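Each remark here refers to the structure printed beneath this line.
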Ligand SMILES: Cc1cc2nc3c(=O)[nH]c(=O)nc-3n(C[C@H](O)[C@H](O)[C@H](O)COP(=O)(O)O)c2cc1C
């Protein structure tokens, strides 16, 4: 069985974490991952504090295992952060602060919540900042990932972050969807992996069926780094682009961002309606390059078990047999 120090730190059986993902995580998905021995993280950035409390109660109905709550720091709301402290998750997970935000404040909130402080970064500089602030676990996210990402690929970024922040455990994110990715992440010095896109193609994920099917259909070569969805929604992310599927919506507006800014309300409304109805061509579909590795829609718990078993088989088989 696979076991790394982060398993003991987090109280989990498999070093596999579900990333908190905007509106793409819910209590059912979180609990399914945690019940299977991984760590489920719920994104609470987009929900009012009362909804967060209700969701946490639901997670606790569904699982007695550890779970985390995730905030996007650049748009952090005081009352939502306070609700997280009150909810006492096992992990207080954060990402994407502005340079002027003091990460130590969030480390302190995590301590008040009795939680471990996990922070996601896309550069070595950000990783050092998280380490200085007292992060317990650092997630190194490569540009292959779905949603908002930086510019460095996971293959160079993960070992650089591991080296820069040791002995703080690092999770590799971006480009991991199966046991090959988990085994590779361990070889790079990470203690485990955090996955987004793979967990969206599950029955539990709260996204339209058409979106799940699009992930299965896409071959991973046709994603695109863009600011179009953020411009349409009037959001400014600190230094990230959004990795989405290249579809009719994106093709129409790429290079005409000025017009998206001008017609923002109309374009955003149409985009959100298309997303809700599962229209694969007219919505913005965040997904990573791992779409090319995702060929089925399977329950999240099965995925955790499958990824762990695949990684173990690779380490025992192919990697061990490469030794002379
Ligand atoms: C639709 C979507 C929404 C996301 N929203 C968040 C978020 O709110 N907070 C966060 O820390 N990461 C977010 N992420 C990033 C994931 O946590 C994770 O780092 C990324 O998906 C890993 O790459 P992968 O998609 O190749 O697995 C999001 C990813 C996706 C695909």
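The values are calculated or read from the model by the stated rules, or taken from the named source; none is laboratory data. For clarity, every value in this text was computed on a predicted model and none was experimentally measured. Cβ atoms come from the backbone with ideal geometry, glycine included; neighbour counts cover every protein chain shown.
Across the stretch 190-208, the number of residues qualifying as closer than 20 Å to residue 10 by Cα and touching a helix residue (DSSP H, G or I) at 6+ places or on another chain (Cβ under 7 Å) comes to 5.
Look at residue 183 and say whether it is surrounded by 17 or more Cβ atoms within 10 Å (Cβ to Cβ) and not in a helix (DSSP H, G or I). Criteria not met by residue 183.
Entry remark, the stretch 194-228: residues being near the ligand (Cβ under 10 Å from one of its atoms) and under 17 Å from residue 279 (Cβ atoms) number 4 in total. Of the residues making up the stretch 46-75, just one is more than 18 Å from residue 139 (Cα to Cα), within 12 Å of the ligand (Cβ to nearest atom) and in contact with a helix residue (DSSP H, G or I) (Cβ under 8 Å, 6 or more places away or on another chain), namely 47. At pLDDT 95 or above, crowded, with 21+ Cβ neighbours inside 10 Å, within 14 Å of the ligand (Cβ to nearest atom) and closer than 21 Å to residue 31 by Cβ - does that describe any residue in the stretch 165-172? Yes, there is a match, as at least one residue in the stretch 165-172 is at pLDDT 95 or above, crowded, with 21+ Cβ neighbours inside 10 Å, within 14 Å of the ligand (Cβ to nearest atom) and closer than 21 Å to residue 31 by Cβ.
Let's see how each residue does on (1) over 21 Å from residue 312 (Cα atoms); (2) in a helix (DSSP H, G or I):
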| position | (1), (2) |
| --- | --- |
| 12 | no, no |
| 17 | no, no |
| 23 | yes, no |
| 28 | yes, yes |
| 41 | yes, no |
| 52 | yes, yes |
| 56 | yes, yes |
| 69 | yes, no |
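Looking only at residues in the stretch 198-230 that are outside any helix (DSSP H, G or I) and in contact with a strand residue (DSSP E or B) (Cβ under 7 Å, 6 or more places away or on another chain), the one that is surrounded by the most Cβ atoms within 10 Å (Cβ to Cβ) is 223.
Looking only at residues that are at pLDDT 95 or above and surrounded by fewer than 21 Cβ atoms within 10 Å (Cβ to Cβ) in the stretch 25-51, which one is nearest to residue 190 (Cα to Cα)? Result: 37.
Looking across the stretch 269-288, the residues that are part of a loop (DSSP other than H, G, I, E, B) and surrounded by 22 or more Cβ atoms within 10 Å (Cβ to Cβ) come down to 283, 284, 285, 287, 288.
Out of all the residues in the stretch 239-265, which are part of a helix (DSSP H, G or I) and touching a helix residue (DSSP H, G or I) at 6+ places or on another chain (Cβ under 8 Å)? Of everything in the stretch 239-265, those that are part of a helix (DSSP H, G or I) and touching a helix residue (DSSP H, G or I) at 6+ places or on another chain (Cβ under 8 Å) turn out to be 249, 250, 253, 257, 259, 260, 261, 264. Among the residues of the stretch 110-150, those identified as in contact with a helix residue (DSSP H, G or I) (Cβ under 8 Å, 6 or more places away or on another chain), without any contact (Cβ under 8 Å) to a residue 40 or more places away in the chain and within 16 Å of residue 41 (Cα to Cα) are 113, 117, 119, 138. Residues considered: 63, 94. Of these, the only one that is in contact with a strand residue (DSSP E or B) (Cβ under 9 Å, 6 or more places away or on another chain) and surrounded by 22 or more Cβ atoms within 10 Å (Cβ to Cβ) is 94.
Cβ-Cβ distances below 8 Å connect the following pairs, each with a first residue in the stretch 68-95 that is in the same structural domain as residue 56 (by TED's automatic domain parsing) and in contact (Cβ under 8 Å) with a residue 60 or more places away in the chain, a second residue that is more than 10 Å from the ligand (Cβ to nearest atom) and part of a helix (DSSP H, G or I), and a separation of six or more residues or different chains: 90/10; 91/10.
The helices (runs of 4 or more DSSP H) found entirely in the stretch 78-158 that carry 3 or more residues being under 19 Å from residue 68 (Cα atoms), more than 18 Å from the chain's Cα centre (by Cα) and more than 13 Å from the ligand (Cβ to nearest atom) are 78-87, 103-112.
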